[in-house]
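The values are calculated or read from the model by the stated rules, or taken from the named source; none is laboratory data. This structure is a prediction, so every number in the text was calculated from the model and none was measured. When we count neighbours, we look across all protein chains shown, and the Cβ atoms used for this are built from the backbone with ideal geometry, even at glycine.
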Amino acid sequence: MKVPYLNQKRKKEMGLLAEEFARTIRGHMEQAQVQPRLDDPWLKTMYYVLALSHLLPGVKVDVNPSREYALVGAKAQGSRELFLQAMTAFQAPEAVLDVMAASYRRTVFSGFIAELRSDLLMALTQGLVYSYRGAAISLRCALEDLYRHLYYMDHPQEFAALSAGRETEFSMKISPQGLREYLARTSYLRRIAGARVDFAPKADPKDMDWLGVNDELYSSLSAAVHGASSEWFAAVGSAASLQKSEAKEEKLNSLFVRFAKLCSTFLIAAHRDVFASLGDYDKSLVLEIYSPVERRNLRALLNI
């Protein structure tokens, strides 16, 4: 006989709790509250990453994968004659080339780019309501989306198996650590690894670079995921907990700025030719994330 009473009690108390959170969240999301925050570093830098994630997949690429593989092979053999032959080989009708280019875009700019945008929007929502740990967790997810995009871009067979459900990352022995370690083996990040965080050449091999920043960032964000740091303990105890904290706001700004610059740098390096083909205005939307010195050094480093 107690069940109906308990059900009513449960519904009433959970309803009151939900109403309390809804009232608090609505207050934080009002324009009067959001507008003054739009110049906060974490919100400013998120804009540039979102812009890049929309621009890159939209570029029309002229690519013939068969020819590209032949060119890579001829270059590896050091055969100029074979390379020139490959340049004019593997011709196909325009309709076939269009299908190949569209398929290439779907493979290279896989669902992980869309997932990266999704996790950034989740981080945006969490940050706007002062759920700092929630924002950091979403940012860690976005970082792993970036890793997966870069890894599967270079491993289309594994991506196809994963997409078709024939394999899982576990069955293919692909771990988050393995995805992070793969970055150092990519050819397109070699220049980035040889430069400091301002993209100037390293004066000392021990100078910090963006791969080093990546390791530090992943560690900091993982502390939020696992609650392994006192700064993230009891992040939300009640709706009243969703209030601005200067210390956590500063932490959020630092995490977001480093993530945004790292993500932009890795994506530009990985898709240098695609990025270089963008118009000057579109490129400026992304490069605004860097200081004038960083922009100059990065342009020189990647020849963009």
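Filter the stretch 2-56 down to residues that are of a type in the set (G, A, S) and surrounded by 15 or more Cβ atoms within 10 Å (Cβ to Cβ), then give me how many there are. Looking only at that region, the number is 2.
Please tell me if L52 is over 27 Å from the mean Cα position of the chain (by Cα) and at pLDDT 60 or above. Steps first, please.
Values: over 27 Å from the mean Cα position of the chain (by Cα): no; at pLDDT 60 or above: yes.
No, not satisfied.
Residues in the stretch 215-250 that are under 27 Å from G15 (Cα atoms), among the aliphatic types (A, V, I, L, M) and exposed (fewer than 11 other Cβ atoms within 10 Å of the Cβ) were compared, and the one that is modelled with the lowest pLDDT is A234. Filtered by the rule that a residue be exposed (fewer than 13 other Cβ atoms within 10 Å of the Cβ) and not in a loop (DSSP other than H, G, I, E, B), the stretch 194-214 gives a lone residue, P201.
Among the candidates D198, D209, which residue alone is assigned by TED's automatic domain parsing to the domain that holds Y182, of a type outside the set (F, W, Y), farther than 16 Å from A123 by Cβ and in contact with a strand residue (DSSP E or B) (Cβ under 9 Å, 6 or more places away or on another chain)? Explain how you work it out, then say what you get.
Details: D198 fails: in contact with a strand residue (DSSP E or B) (Cβ under 9 Å, 6 or more places away or on another chain).
Going through D198, D209 in turn, the sole match is D209.
Hey, does the stretch 228-248 have a residue that's in contact with an Asp or Glu (Cβ under 8 Å, 6 or more places away or on another chain), without any contact (Cβ under 8 Å) to a residue 12 or more places away in the chain and of a type outside the set (F, W, Y)? Checked against the condition, which is being in contact with an Asp or Glu (Cβ under 8 Å, 6 or more places away or on another chain), without any contact (Cβ under 8 Å) to a residue 12 or more places away in the chain and of a type outside the set (F, W, Y), the stretch 228-248 yields no hits at all. Among the residues of this structure, S187 counts as one that is outside the structural domain of E19 (by TED's automatic domain parsing), polar (S, T, N, Q) and within 30 Å of N303 (Cβ to Cβ). Scan the stretch 139-180 residue by residue and report those that are among the small types (G, A, S) and under 22 Å from L56 (Cα atoms). Within the stretch 139-180, A142, A160, S163 qualify. On inspection, S264 fails the criterion of being of a type outside the set (A, V, I, L, M, F, W, C) and closer than 30 Å to I25 by Cα.
Evaluate the stretch 160-173: report whether one residue or more is surrounded by 18 or more Cβ atoms within 10 Å (Cβ to Cβ), in contact (Cβ under 8 Å) with a residue 12 or more places away in the chain and either of a type outside the set (S, T, Y) or outside the structural domain of A51 (by TED's automatic domain parsing) (or both). Working first, answer last.
The initial filter retains those residues of the stretch 160-173 that are surrounded by 18 or more Cβ atoms within 10 Å (Cβ to Cβ), namely 162.
Imposing the further condition that a residue be in contact (Cβ under 8 Å) with a residue 12 or more places away in the chain reduces the set to none.
Scanning the stretch 160-173 turns up no residue that is surrounded by 18 or more Cβ atoms within 10 Å (Cβ to Cβ), in contact (Cβ under 8 Å) with a residue 12 or more places away in the chain and either of a type outside the set (S, T, Y) or outside the structural domain of A51 (by TED's automatic domain parsing) (or both).
Within 29 Å of I289 (Cα to Cα), over 18 Å from the mean Cα position of the chain (by Cα) and at pLDDT 90 or above, is that true of D207? Criteria met by D207.
If we keep just the residues of the stretch 251-304 that are β-branched (V, I, T) and not in a loop (DSSP other than H, G, I, E, B), which is surrounded by the most Cβ atoms within 10 Å (Cβ to Cβ)? That would be T265. Cβ-Cβ contacts under 7 Å between residues 6 or more apart (or on different chains), taken from a first residue in the stretch 1-30 that is of a type in the set (S, T, N, Q) to a second residue that is in a helix (DSSP H, G or I), are listed as T24/A239. Consider the stretch 164-193 and keep the residues that are touching a helix residue (DSSP H, G or I) at 6+ places or on another chain (Cβ under 8 Å) and assigned to a helix (DSSP H, G or I). The one that is nearest to K261 (Cα to Cα) is I192.
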